[in-house]
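Worksheet for the structure shown next.
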Amino acid sequence: MSTIATSPDTLSTPDLESVRAEFPALLTEVHGKPVAYFDNAATAQKPQAVLDRMERYYRSENANVHRGVHTMSQLATDAYEGARETMASFLGAAETREIVFTRGTTEAVNLVAASFGKDFGPGDEIILSEMEHHSNIVPWQLLSQRTGVRLRIVPVTDDGELDIEEFRILLSDRTRLVALVHVSNSLGTINPVRQIIADAHGMSVPVLLDGAQATPHASVNVQDLDVDFYCLSSHKMFGPTGVGVLYGKAEHLEGMSPWQGGGDMIERVDFAGTTFNEIPHKFEAGTPHIAGVIGMAAAADYLENLGWDWIGQQEQDLLDYGTKLLSAIPGLRIVGTAPKKAAVISFLMGNAHPYDVGTVLDRMGIAVRTGHHCTQPLMKRYGIPGTVRASFAFYNTREEIDRLAEGLERAAGMLS
Ligand code: PMP
């Protein structure tokens, strides 16, 4: 993965069984069988370290953050602001004030659309692609309705890559922002974001990346990429739901106005006029998801301790093994065959509806996702209603993939 840096070698290689034992939910039985959890792109399971850290906050540190003089409030504030440092280091940000806590990727994109995009107007353009998640389409459509900014869409090739030539044609002096997905949740494609950013910056156009599916799989360094905005969701990277990060270069965040008003985001409030807090606090109105933020940082620490090299090798093995096994099943067609892919296999089984395939697999204790994966324009591009998607995490095993392949063969017999 040339666009995602790898971390330095870890000291010892983790042992898969011990790693699996750290995830209590992997012990869940579904229809009398241990779950084979292949729905990691929707949300990943949480290690004990994350659960323990959140419980510790609620058990012994629970207090509201900022401005409290009492000890527990200071403990909570230290943990919350410490988590900002952890996430800044996780993303390779230059400064902690470039890390804004949000509810997740969706809210991060909405924040940029509402604030950075508010002065866009008729004659301006934003470049998106055909493989975007709805959360990187609809906020821009809403902005377009408000301001008249025009959306230009980069097409996707048959094997699931961005048409870079077309991107270069669309990029012009009318472009105000390029907003693209780093790793596609439906296809697994890893986009050539370094090249895209270089091209966009060549025209002085800032770039936002939707990193929801990138940060669980490999190390991302925002300074190295020179990206302007980067969005992530904690729950996809083994942390709690309802929390995430918007990274923004300080020079952009400084110039942006707040998008939600309330406590914590102000400096002084007066009916004659209100002044706002500094970044990042001016974007964090109200009591934040304190336990979530602390849990997200614990997940980031967990991933770094595990080591990106091991995670990368494990997932590549699962992807190669799964692709080989599933491709050999008669009638199975993989959707998304780009050369650079994360560990996601989307497929169709003959004429069987994805929903029916998913239901049969569930009876066997195998959890996959079926449907459009919040990428309806992409499904339209391929002329399909949806896919069955198996998305792997480092804790999955070859044995689980064997179960998936056997289950699919049985499903093919039942549904043909
Ligand atoms: N972008 C991508 C590529 C995703 O996969 C998802 C989640 N499926 C999102 C954005 C939205 O993330 P969240 O619901 O956590 O805000």
Boolean, Asp301 is in contact with a His (Cβ under 9 Å, 6 or more places away or on another chain), surrounded by fewer than 18 Cβ atoms within 10 Å (Cβ to Cβ) and over 30 Å from Gly407 (Cα atoms): no
Single match in Thr241, Thr287 (criterion: within 30 Å of Ala42 (Cβ to Cβ), in the same structural domain as Asn62 (by TED's automatic domain parsing) and within 16 Å of the ligand (Cβ to nearest atom)): Thr241
Selection count where residues are more than 15 Å from the chain's Cα centre (by Cα), open to solvent by 10 Å² or more (accessible area, probe 1.4 Å) and within 16 Å of the ligand (Cβ to nearest atom), scope the range 196-238: 0
Pair list, Cβ under 7 Å, 6 or more apart: the range 87-110 residue more than 16 Å from the ligand (Cβ to nearest atom), other residue of a type in the set (Lys, Arg): Thr96/Arg84; Glu98/Lys249; Ile99/Arg84
Failed condition for Lys380, given (1) in contact with a Gly (Cβ under 8 Å, 6 or more places away or on another chain); (2) open to solvent by 20 Å² or more (accessible area, probe 1.4 Å): (1)
Pair list, Cβ < 9 Å and 6+ apart or interchain, from the range 160-178 residues that are free of Cβ contacts under 8 Å to residues at least 24 places away in the same chain to residues that are open to solvent by less than 70 Å² (accessible area, probe 1.4 Å): Asp163/Ser129; Asp163/Glu130; Asp163/Val154; Asp163/Pro155; Asp163/Val156; Asp163/Thr157; Glu166/Val154; Glu166/Pro155
Matching residues, the range 64-75, being buried (at least 16 other Cβ atoms within 10 Å of the Cβ) and closer than 17 Å to Gly263 by Cα: Asn64, Val65, His66, Ser73
Only one of Ala179, Ala214 that is outside any strand (DSSP E or B), in contact with a strand residue (DSSP E or B) (Cβ under 6 Å, 6 or more places away or on another chain) and among the aliphatic types (A, V, I, L, M): Ala214
Scope the range 144-163; condition in contact with a Gly (Cβ under 6 Å, 6 or more places away or on another chain) and buried (at least 19 other Cβ atoms within 10 Å of the Cβ); matching residues: Gly160
Residue, nearest to the ligand (Cβ to nearest atom), within the range 157-184, restricted to residues that are at negative phi and small (Gly, Ala, Ser): Ser184
Selected residue [in the same structural domain as Glu22 (by TED's automatic domain parsing), surrounded by fewer than 22 Cβ atoms within 10 Å (Cβ to Cβ) and without any contact (Cβ under 8 Å) to a residue 12 or more places away in the chain] from Thr397, Thr370, Thr323, Thr359: Thr359
Residues within the range 115-156 that are within 24 Å of His201 (Cβ to Cβ) and either more than 16 Å from the ligand (Cβ to nearest atom) or aliphatic (A, V, I, L, M) (or both), tallied: 26
Residue count for the range 363-416, restricted to those that are touching a strand residue (DSSP E or B) at 6+ places or on another chain (Cβ under 7 Å) and acidic (Asp, Glu): 1
Test: residue in the range 258-275 that is outside any loop (DSSP other than H, G, I, E, B), among the polar types (S, T, N, Q) and crowded, with 19+ Cβ neighbours inside 10 Å: no
Test: Leu253 is away from the ligand (no atom under 16 Å from the Cβ), modelled with pLDDT of 95 or more and touching a Leu at 6+ places or on another chain (Cβ under 9 Å): yes
Test for Ala328: is it on the phi < 0 side of the Ramachandran plot and either of a type in the set (S, T, N, Q) or open to solvent by less than 10 Å² (accessible area, probe 1.4 Å) (or both): no
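The values are calculated or read from the model by the stated rules, or taken from the named source; none is laboratory data. What you see is a predicted model; the values in this text were computed from it and never measured. Reconstructed Cβ throughout: ideal geometry from the backbone, glycine too, with neighbour counts over all protein chains shown. What goes into the accessible areas is simple: the full protein's heavy atoms, side chains included, and nothing from ligands, DNA or RNA. Shrake-Rupley method; radii C 1.70, N 1.55, O 1.52, S 1.80 Å.
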